[in-house]
1. What is the residue count in the stretch A:123-145 for residues that are more than 7 Å from chain B (Cβ to nearest Cβ) and at pLDDT 90 or above?
2. Which is more than 8 Å from every other protein chain (Cβ to nearest Cβ) and not polar (S, T, N, Q), of A:F33, A:F46, A:F75, A:F87?
3. Would you please name the residue that is farthest from the other protein chains (Cβ to nearest Cβ), looking only at residues in the stretch B:172-185 that are in a helix (DSSP H, G or I) and buried (at least 24 other Cβ atoms within 10 Å of the Cβ)?
4. May I ask you to list the residues in the stretch B:117-167 that are surrounded by 23 or more Cβ atoms within 10 Å (Cβ to Cβ) and not in a helix (DSSP H, G or I)?
5. Which condition from (1) more than 22 Å from the chain's Cα centre (by Cα); (2) farther than 21 Å from B:T169 by Cα is the one that A:D77 breaks?
6. Can you name every one of the helices (runs of 4 or more DSSP H) wholly within the stretch A:48-136 that holds 3 or more residues which are in contact with a helix residue (DSSP H, G or I) (Cβ under 7 Å, 6 or more places away or on another chain) and surrounded by fewer than 22 Cβ atoms within 10 Å (Cβ to Cβ)?
7. Evaluate the following for B:S92: is it of a type in the set (S, T, Y), more than 7 Å from chain A (Cβ to nearest Cβ) and either crowded, with 23+ Cβ neighbours inside 10 Å or touching a His at 6+ places or on another chain (Cβ under 7 Å) (or both)?
8. Does B:V234 satisfy the criteria of being touching a Phe, Trp or Tyr at 6+ places or on another chain (Cβ under 6 Å), of a type in the set (A, V, I, L, M, F, W, C) and closer than 26 Å to A:V60 by Cβ?
Amino acid sequence: MAANDKVNKAETAKEEPASPILIQMGIFAAILFVSSLISPLFPASFPVPTPVIGLILLYVLLATHIVKLRNVEKFGDFMISLIAFLFVPSGIQLAASLDILKAQGVQIVIVVLIATIVLLVVVAYTTAGFIWIRKNVFHRDVNIDD
Amino acid sequence: MIILTETTPHMAVWGKWLGDALGTNAAGASAGNALFGIFLSLLVYLIGQWLFKIGKGFFLFQPLFVGMVLGIFILYLMAKAFGTDTATFYKSAYLPGGNIIFWFLNPATIAFAIPLYRRNDVVKKFWLEIVLSLIVGLFVSLFVIYFAAKLIGLDKVGIASMLPQAATTAIAMPIATAIGGNSAVTAMACILNAVIIYALGDWLVKFFRINHDPVGAGLGLGTAGHTVGSAKAVQLGSIQGSMASIAVVVISIVVDIVVPSFAKLMGLM
């Protein structure tokens, strides 16, 4: 088990060269394409969008070692570093909803602010609670190596 | 602005030229020039980065927040100058370019499988705690959000629009419609979640002492701030990054199941 868990460190330690960036993009494109074929199979009452399926697919491919970290790491880390910029059009999209904001705008923004903080704090402390139960009620190991 | 008033032939030519370039003229409206949207997005974000740097990291100068406010303001001014309303001008001039940048959220979202897999040891060890925490955490949060919205005076539609916001936009919007909310308001909530976490995340994590438990910090950031929260979590550490990435996926599926039941329970539908 321990050997299996350390798989990532072993992979980086081997220092195989990273795949060329076009191959990395190709892997992302292939996963997105397959995900876009799977997404419509879910019923309208239980929507699962393409990128969420893609995230699960890429994780499964990595966990089964079909795709190695060095095949996707460089492009993936670059995309993650861009995420705040990629969100700018979504932010500016609010320009199309200014009329909604005029009606109940202040109340909505306040509720969203409260909701964001509540989700962050409640989920974080619920997790801490469950980990406390794991440790003190079931006496199971809770240590994580860094 | 004078360029569109067509007082002289010279000015009319300039107005037509600018309108064609922006895709706001009747003829060019469907085609639309994507370059303006891309340029404006980059410009406002880079101004945000610059302000953040000279403002020594003042939270209101976070590039995403500045980019959003400045971008909307510029579109508002330009719409006034072109004599149209902001929503129409946004659709014809900004949206074609904005959509191209927006598309890249697809590969960026699936890229979070990488930080998730990097700490697969934590996922394997705590998978049960992760799933339970997200289900219970969401349920508790829904009660708080419901009563907060009621107290602040949102109507039934407004309250229903606030409930699905923990999921990513593409899941939250159809659920909002299904439980009698307004999907445009829900989309706005999802976007604001990300902007709020991006601007206040570091401060909130410190203030509520969340980082004592890296697993909880990651799950909280991924739930509250979606992929932008995950990017924040990656900066805090590999465990947080991995947990936030798994939260984005699991919470979306949990919202799919829990929120319609909660809405029924509260008599919203």
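1. Of the stretch A:123-145, the ones more than 7 Å from chain B (Cβ to nearest Cβ) are A:129, A:132-133, A:135-143, A:145.
Subset that is at pLDDT 90 or above: A:129, A:132-133.
Total meeting the criteria: 3.
2. Working: A:F46 fails: more than 8 Å from every other protein chain (Cβ to nearest Cβ); A:F75 fails: more than 8 Å from every other protein chain (Cβ to nearest Cβ); A:F87 fails: more than 8 Å from every other protein chain (Cβ to nearest Cβ).
The match here is A:F33.
3. Looking only at the stretch B:172-185, we keep the residues that are in a helix (DSSP H, G or I), and these are B:172-178, B:183-185.
Now restrict to residues that are buried (at least 24 other Cβ atoms within 10 Å of the Cβ): B:172, B:175-176, B:185.
Numbers: B:A172: 9, B:I175: 8, B:A176: 11, B:V185: 6 Å.
Out of the qualifying residues, it is B:A176.
4. B:R119, B:A167
5. (1)
6. In the stretch A:48-136, the matching helices (runs of 4 or more DSSP H) lie at A:50-63, A:69-81, A:98-136.
7. It is true that B:S92 is of a type in the set (S, T, Y), more than 7 Å from chain A (Cβ to nearest Cβ) and either crowded, with 23+ Cβ neighbours inside 10 Å or touching a His at 6+ places or on another chain (Cβ under 7 Å) (or both).
8. Working: touching a Phe, Trp or Tyr at 6+ places or on another chain (Cβ under 6 Å): no; of a type in the set (A, V, I, L, M, F, W, C): yes; closer than 26 Å to A:V60 by Cβ: yes.
Criteria not met by B:V234.
The values are calculated or read from the model by the stated rules, or taken from the named source; none is laboratory data. Bear in mind that the values here come from a model prediction, so they are computed numbers and not experimental data. Heads up, the Cβs are rebuilt from the backbone with ideal geometry, glycines too, and the neighbour counts pull from every protein chain shown.
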